[in-house]
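In what follows, a structure is listed as structure tokens, so that the remarks can point back to it.
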Amino acid sequence: MSKDKVQIFDTTLRDGEQVPGCKLDTTQKLVIAERLDNLGVDIIEAGFPISSPGDFGSVNEIAKLVKNATVCGLTRAVKKDIEVAAEALKHAKKPRIHTGIGTSDSHIKFKFNSNRDAIIERAVEAVKYAKTFVEDVEFYAEDAGRTDNDFLARVCEEVVKAGATVLNIPDTTGYCLPEEYGAKMKYLKENVKGIHKATLSCHCHNDLGLATANSIAGVINGARQIECTINGIGERAGNTSLEEVVMILRQHPSLNLYTNVNSKLLYDTSQMVSQKMGMPVQPNKAIVGSNAFAHSSGIHQDGVIKNRETYEIMDPEDVGVNESSIVLTARSGRAALAYRAKNIGYELTKLQLDIVYTEFLEFADQKKEILDEDIHQIIEASGIKIES
Ligand code: KIV
Ligand code: ZN
């Protein structure tokens, strides 16, 4: 069975950059955009051009720089926003305007003091207007996660008729459960007339820690684009993490889905974005955290030393990490100590290992982690003569 491609829409520079304290200047954004292009993402959302002259300038420069990916700019369903985005994107090889409006009852009532029919009218007008500037127009139904499926299908049908090429179904508040979000995609696939003319897109937030699970449920149910950010950065608890969805699709071939992303560049890209944004990656972050391939308990270490597959479901090299690490702590066993000692040149006999291990445990009870220089010290202090 042939595999279907899932487009990766990176919004690190737009939704990701909305994080307080993560503001980037144009030079930093250009470095990140170039890296994203090399990484193999399909679409780079470069910013929200009307939001400030700085953002306009960044989108404009990114549009000139990017060679392969589509470059996208966000707008509200407002004519002026669309004109400014079109201007910012005018040098892009492949420009996309991303326009939209809130569709949930709460957005319609509290944000717009409006009604459903008027919202559809504005959505259609925005898409038609954006189409006068670019061919590729993505429509977002903000808060689609809390919009009832019948109305959402009506909105989608009308904007596809108006020419939308992509339908973004954001779970803006990160509220949906995976089954619910997946069912929403399925409903749209089955009930929106003309849906074959557009690509359904997942845009999930992580307020309940479900952004990745929801995006995967979305593509299992027919979506073919995932909107995500490096390290999952984004408003509040963040967005779907790019590295997670890329590796899930790669590690589960039975889904018959693939992306264009070169997974070997994931770790370096994560580090680069973290440094530029001054936003540390949590150690236990899936795929790119410093502990993602570190084994510290004796049972796990023993297994991994015998065969990596016992406790690792992917090869660290596939995400750009040289090798997994065996971290020595007071929870480590003899196998891990022997392994690490061997790596720094000590071949211990069983008897020698017993002696050194006793010393090691005393040392380890006093320290969070035992480093190579500690191993040297422990072996010297043990007084035994070891080939090194
Ligand atoms: O979360 C959201 O709804 C968004 C839209 C503006 C696409 O970021
Ligand atoms: Zn968002």
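Just to be sure I understand the model, the point goes 7 Å from the Cα along the line to the Cβ. What's the resulting Asp315 to Met1 distance in nm?
That separation, rounded to one decimal, is 2.6 nm.
Identify the trypsin sites (Lys or Arg not before Pro) of segment 49-141 meeting these criteria: DSSP loop state and at most 11 other C-beta atoms within 10 Å of the C-beta. Walk me through the numbers before you get to the answer.
Numbers: sites: Lys64, Lys67, Arg76, Lys79, Lys80, Lys90, Lys93, Arg96, Lys109, Lys111, Arg116, Arg122, Lys128, Lys131; in loops: Lys67, Arg76, Lys90, Lys93.
Those that pass, being in a loop and sparsely packed, are Lys67.
Tell me whether segment 234-321 comes out rounded, prolate or oblate; compute the Cα gyration tensor, take square roots of the eigenvalues as a ≥ b ≥ c, and use a/c under 1.5 as the rounded threshold. Mind showing how you got there, number by number?
Numbers: a/c = 2.05, a/b = 1.28, b/c = 1.61.
In terms of gyration-tensor shape, oblate.
May I ask for the distance between the Cα centers of segment 281-314 and segment 343-388, given as a whole number of Å?
First find each Cα centre; the distance between them is then 23 Å.
Of Ala130, Met314, Tyr339, whose Cα points farthest to the positive end of the dipole of the chain (charges on the beta-carbon: +1 Lys, Arg; -1 Asp, Glu; origin at the Cα centre)?
Farthest towards the positive end: Ala130.
Given N residues in segment 294-382, what is its alpha carbon radius of gyration divided by 2.2 N^0.38 Å?
Working: Rg = 13.2 Å, N = 89, 2.2 N^0.38 = 12.1 Å.
That works out to 1.09 for segment 294-382.
Positive end of the charge dipole of segment 4-277 (Lys, Arg +1 and Asp, Glu -1 on Cβ, about the Cα centre): tell me which of Met272, Ile169, Tyr258 has its Cα farthest that way.
Among Met272, Ile169, Tyr258, the one farthest towards the positive end of the dipole of segment 4-277 is Tyr258.
Want the number for Glu87 to Asp150: 0.36 nm per residue separation, take away the alpha-carbon distance, what's left?
Contour length minus the Cα-Cα distance gives 19.1 nm.
Sorted by packing (mean other beta-carbon atoms within 10 Å per residue), highest first, where do 153-165, 270-282 land? List each step's numbers first, then the result.
Values: 153-165: 20.7, 270-282: 17.2.
Top of the packing list down: 153-165, 270-282.
Going down the list Lys5/Lys264; Lys306/Lys342; Lys23/Lys79; Lys23/Lys184; Lys285/Lys306; Lys3/Lys161, which pairs span over 23 Å between their C-alpha atoms?
Table pairs above 23 Å Cα-Cα are Lys23/Lys79; Lys23/Lys184; Lys285/Lys306; Lys3/Lys161.
Just tell me which aspartates and glutamates come within less than 17 Å, Cα to Cα, of Lys109; anything on the same chain fewer than 8 places away is out.
Asp117, Glu121, Glu142, Asp143, Asp148
Run the quick spin-label model on Glu359 and Ser114: label points 7 Å from Cα toward the beta carbon, then report their separation in nm to one decimal.
Between Glu359 and Ser114, the label points sit 7.5 nm apart.
Can you tell me the dipole magnitude for the chain around its Cα centre, using point charges on the Cβ only (Lys, Arg +1; Asp, Glu -1), in Debye to the nearest 20? Provide the component values of the computation, followed by the final result.
Working: 45 positive and 55 negative charges, 234 e Å.
Using Cβ point charges on Lys, Arg, Asp and Glu, the chain gives about 1120 debye.
Can you grab the distance from the C-alpha centre of segment 53-85 to the C-alpha centre of segment 162-224, Å, no decimals?
Here the two parts' Cα centres lie 24 Å apart.
We did not get these values from a lab; they are worked out from the coordinates using the rules stated. Every value quoted in this text rests on a predicted model; they were computed, and no experiment measured them. FYI the Cβ positions are ideal-geometry reconstructions off the backbone, even for glycines, and counts take in every protein chain you see.
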